[in-house]
Structure formats: structure tokens, C-alpha cells
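Scroll down for the structure; my scribbles are underneath it.
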Amino acid sequence: MAWRGNLSKNIKELRFLMCQSSPASSSARAFVEKNYKELKTLNPKLPILIRECSGVEPQLWARYDLGVEKGIKLEGMTEPQIFKALEDMVKAGESFKA
């Protein structure tokens, strides 16, 4: 999974939105708890933001060059599915290069 070390080449900012306590956000919370440290270590200059708000549905947002943003809902996704969604966002970022 070498693409994890290249997040900052294609993405300018990564945002996770989730509820602190809802069951719908449990897989997103687990993903962040397990993978944040590794993603941040591999991409030290990439802002990885964790936004918690009561009742919000879990989402992943990526900001690319020129202010282009792309988001995906994470509700019902497993950890491997979240990884796949993140990988797809990284690959999509190649087309947004300035």
C-alpha cells in the first residue's frame, strides 16, 4: 500500500467528519484510531483533520489543488472499504493537479 505515503502529493487536506457516540460512526472512529498515526507519520505536512459533531453522519473529504473538494459518506463501510475509498480519492487527485 505504497499509495499511503503519497497522500500529500495529490491531496492538500484530508477531513474526517463523525459523531463521537453514534453507531453509524463507529467504523470511521475505529479507522481513525487505528490508522491516523501511520498516515500522519507517512505524510507529516498533510493536514489530517478530525471533526466530531453530535449526530453528523460519517464522511471523508479531500481537498485538492485549486480548491476542488470531493467527499464520500462512510456510513456502513468497513475499515477495508474506508481504505479503498481513501485510495480512490488519492488516485482521483492526480487528475486535479495544477
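The values are calculated or read from the model by the stated rules, or taken from the named source; none is laboratory data. Being a predicted model, the structure only gives us computed values, none of them experimental. Note that we place each Cβ from the backbone using ideal geometry, even for glycine, and neighbour counts take in every protein chain shown. Areas reflect the complete protein model, heavy atoms only, side chains present, ligands, DNA and RNA absent. Shrake-Rupley method; radii C 1.70, N 1.55, O 1.52, S 1.80 Å.
The figures follow:
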{"quantity": "Candidate set from the stretch 83-98 (those that are without any contact (Cβ under 8 Å) to a residue 60 or more places away in the chain and of a type outside the set (A, V, I, L, M, F, W, C)); member that is least open to solvent (accessible area, probe 1.4 Å)", "calculated": "ASP88"}
{"quantity": "Verdict on LEU39 being modelled with pLDDT under 95 and aliphatic (A, V, I, L, M)", "calculated": "yes"}
{"quantity": "Residues located in the stretch 25-73, provided they are among the basic types (Lys, Arg), free of Cβ contacts under 8 Å to residues at least 40 places away in the same chain and farther than 16 Å from MET89 by Cα", "calculated": "ARG29, LYS37, LYS40, LYS45, ARG51"}
{"quantity": "Selection count, the stretch 20-66, where residues are farther than 18 Å from TRP3 by Cβ, touching a Leu at 6+ places or on another chain (Cβ under 9 Å) and among the charged types (D, E, K, R)", "calculated": "3"}
{"quantity": "All positions within the stretch 5-21 that are within 11 Å of the chain's Cα centre (by Cα) and open to solvent by 20 Å² or more (accessible area, probe 1.4 Å)", "calculated": "GLU13, ARG15, LEU17"}
